[in-house]
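Colleague: Quick one: this structure, given as structure tokens, is what I'll be asking you about.
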Amino acid sequence: MSKMKAFVVRAPKKYGIEYIDIPEPVNNEVLVKLETSGVCHTDLHIANFDWPRQPIYPMIPGHEGIGIVTKVGPMCTKIKVGDRVGIGYMYSACGHCEYCVSGKEILCPSKIVTSLVKPGTFAEYTIGHEDYVLPIPNNLDVLAGAPILCGGVTSYKALKQAKLKINDYVAIIGIGGLGHFAISYAKLMGLNIIAIDIDSKKLESAKSEGADGVFNANDPLIVEKIKELTNGGVHAVINTSVSTSSAYLGMYILRRAGKQVLVGVPPKDEKGNIEFPLPILGTISGEHHILGSVVGTRQDTKEALALGVKGIVSKVSQTVKLEEVSEVFEKLEKGELLGRAVIDFRANK
Ligand SMILES: [Zn+2]
Ligand SMILES: [Zn+2]
């Protein structure tokens with residue numbers, strides 16, 4: 001059996017490059033030769049076992065992959081050899097539970113997650129399910145477009161959940177990969193954007209990308225300043241930050257009837273929990289809403305990819321080789337990565 005190069009995690013924080021067997025597609029599976037793959041913060045959290053759910057080791061991270069189908073399983077009827085497809089966070093879902101039939105398949109209790117269960121995209125080849133691989137528009141830049149498959153669609157869907165109107169104020173907390181996407185989509189939606197982070201470089205880049213106001217989360221007067229600028233608070237917070245204190249801050253900058261959409265997952269604390277204290281009185285008197293938003297459905301991804309063709313793609317700060325993923329993880333861990341790192345498998349030739 002021929003071998004492929006893969007970034008393999010053997011145990012929490014124990015990873016490296018290995019040569020392993022190229023997987024064989026069975027049933028409705030397709031074999032995809034990867035061209036590009038984004039590196040998402042979630043990959044680092046999964047590789048480190050930062051979240052409550054333990055992956056099945058050995059595992060291959062990566063869920064923002066674009067590639068060409070080179071082989072199809074015997075039951076495939078829709079996807080053909082030569083098709084360009086995307087491999088995202090959701091490997092498959094059951095297709096008939098109440099969530100699947102109502103177009104919310106991302107909530108399917110039987111969904112299978114790429115890399116937690118199935119091999120991910122940090123390898124020369126991976127496997128997808130023909131009903132759940134994502135069609136990639138012909139004119140999408142596969143390098144800058146790969147991160148849309150998780151980061152992009154996650155930010156896009158979070159903004160959709162907030163149901164904002166043109167000229168509303170939205171605060172985007174955390175200007176990492178998700179935050180940059182959120183700024184681009186929010187601009188397109190005609191919103192007034194407030195960017196919040198603790199890193200002045202990230203705030204500068206948010207400003208250059210069109211944020212109307214930028215604030216350091218460590219500024220003791222941040223709440224008062226935002227309330228003044230927005231005449232009473234923001235209509236929504238899109239919280240992509242990986243610190244629990246930012247969710248607490250998010251509640252205080254909301255306008256009455258405002259919504260905080262949580263999308264960034266902080267690491268678990270020493271007790272294994274990921275929680276923040278909720279100001280109960282303010283939530284009641286302000287009729288605030290808190291929503292969770294997890295990645296997006298195939299339809300959300302289709303829409304986010306269509307916007308990708310129109311130029312809403314990630315700011316790729318670094319094009320890397322598979323061998324450099326460990327270094328990218330280090331930068332992500334320290335919060336030093338501006339924009340997205342994307343693996344270019346084509347560069348290995
Ligand atoms: Zn289902
Ligand atoms: Zn992701």
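Every number here is computed from the coordinates shown, using simple stated rules; none is lab data. Here the structure is a predicted model, which means the values were calculated and not measured. As a convention, Cβ positions derive from the backbone with ideal geometry for all residues, glycine included, and neighbour counts pool all protein chains shown.
Colleague: How would you order 302-315, 268-281, 2-15, 167-180 from highest to lowest mean count of nearby Cβ atoms within 10 Å?
Modeller: 167-180, 302-315, 2-15, 268-281
Colleague: Could I get the Rg over Rh figure for segment 173-245? Both from C-alpha atoms, Rh via Kirkwood, rounded to two places.
Modeller: 0.92
Colleague: I would also like to ask the following. Looking only at Cα atoms, what is the convex hull volume of segment 107-149 per residue, in Å³?
Modeller: 112
Colleague: Could you pull out every residue, at least 5 positions away or on a different chain, whose amide H is within less than 5 Å of the one on Phe49? Hs are placed 1.01 Å off N in the peptide plane, and Pro or chain starts have none.
Modeller: When sequence neighbours closer than 5 places are left aside, the close amide H contacts are Lys13.
Colleague: Past the 25 Å Cα-Cα mark, which pairs from Lys187/Lys302; Lys268/Lys302; Lys201/Lys331; Lys160/Lys315? Walk me through the numbers before you get to the answer.
Modeller: Working: Lys187/Lys302 19 Å; Lys268/Lys302 32 Å; Lys201/Lys331 15 Å; Lys160/Lys315 21 Å.
Over 25 Å Cα-Cα: Lys268/Lys302.
Colleague: Further question: Which percent of Cα pairs goes in each bin when the distances of segment 1-132 are cut into 5 angstrom slices starting at zero?
Modeller: Result, from short to long distances: 2, 11, 19, 22, 20, 15, 7, 2, 0 percent.
Colleague: Then there is this: Provide Rg over Rh for the chain; use the alpha carbon set for both Rg and the Kirkwood Rh (inverse mean inverse pair distance).
Modeller: That ratio equals 0.97.
Colleague: Right, something else. Could you work out the Rg to Rh ratio of segment 262-342, with Rh taken as the Kirkwood radius (inverse of the mean 1/r over all Cα pairs)?
Modeller: 1.08
Colleague: Here's a follow-up. Restricting to DSSP H runs of at least four residues, report the calculated mean residue ellipticity at 222 nm for the chain, -39500 (n - 2.57) per run over all residues, nearest 500 deg cm²/dmol.
Modeller: My calculation for the chain gives -7500 deg cm²/dmol from helical runs alone.
Colleague: Applying the Karplus parametrisation 6.51 cos²θ - 1.76 cosθ + 1.60 with θ = phi - 60° to the phi angles of segment 21-37, what ³J(HN,Hα) value in whole Hz is obtained for each residue in order, glycine and proline being reported as x?
Modeller: So the Karplus estimates, Gly and Pro as x, are 5, 5, x, 10, x, 10, 6, 9, 8, 10, 9, 10, 8, 6, 9, 9, 8 Hz.
Colleague: What's the local net charge at Ile68, with K and R +1, D and E -1, over the other residues with C-beta under 13 Å away? Mind dumping the intermediate values first?
Modeller: Values: positive: Lys33, Lys71, Lys80, Arg84, Arg346; negative: Glu35, Asp83, Glu124.
Counting the neighbours of Ile68, the net charge comes to +2.
Colleague: A follow-up question, please. With a Cα-only, solvent-free Debye model of segment 152-292, what are the log10 I(q)/I(0) values at q = 0.14, 0.18, 0.19, 0.22 Å⁻¹?
Modeller: Treating every Cα as an identical point scatterer, log10 I(q)/I(0) equals -0.56, -0.96, -1.08, -1.47.
Colleague: Let me ask you something else. Charges at C-beta only: +1 for Lys and Arg, -1 for Asp and Glu. How large is the resulting dipole of segment 152-292 about its Cα centre, in Debye rounded to 20?
Modeller: On the way: 15 positive and 13 negative charges, 95 e Å.
In debye, rounded to 20, segment 152-292 gives about 460.
Colleague: Just to be sure I understand the model, the point goes 7 Å from the Cα along the line to the Cβ. What's the resulting Asn231 to Ala306 distance in nm?
Modeller: 3.3
Colleague: Now for a different question. What is the set of long-range amide H partners of Ala217 at a cut-off below 5 Å, with H atoms built 1.01 Å from backbone N?
Modeller: Long-range HN contacts for Ala217: Asp197, Ile198.
Colleague: Using the Karplus equation 6.51 cos²θ - 1.76 cosθ + 1.60 (θ = phi - 60°), what ³J(HN,Hα) coupling, rounded to whole Hz, does each residue of segment 306-315 give in order, writing x for Gly and Pro?
Modeller: Those phi angles translate into 4, 6, x, 5, 7, x, 8, 10, 6, 7 Hz.
Colleague: Over the chain, what is the relative contact order in whole percent, taking alpha-carbon pairs under 8 Å and six or more residues apart?
Modeller: It rounds to 19 percent for the chain.
Colleague: Sort out for me the Cα centre separation of segment 192-245 from segment 90-164, rounded to whole Å.
Modeller: Spelled out, the Cα-based centre of one part sits 29 Å from the other.
Colleague: Where does the charge balance sit around Thr297 when Lys and Arg score +1, Asp and Glu -1, over other residues with C-beta under 13 Å from its C-beta?
Modeller: Counting the neighbours of Thr297, the net charge comes to +2.
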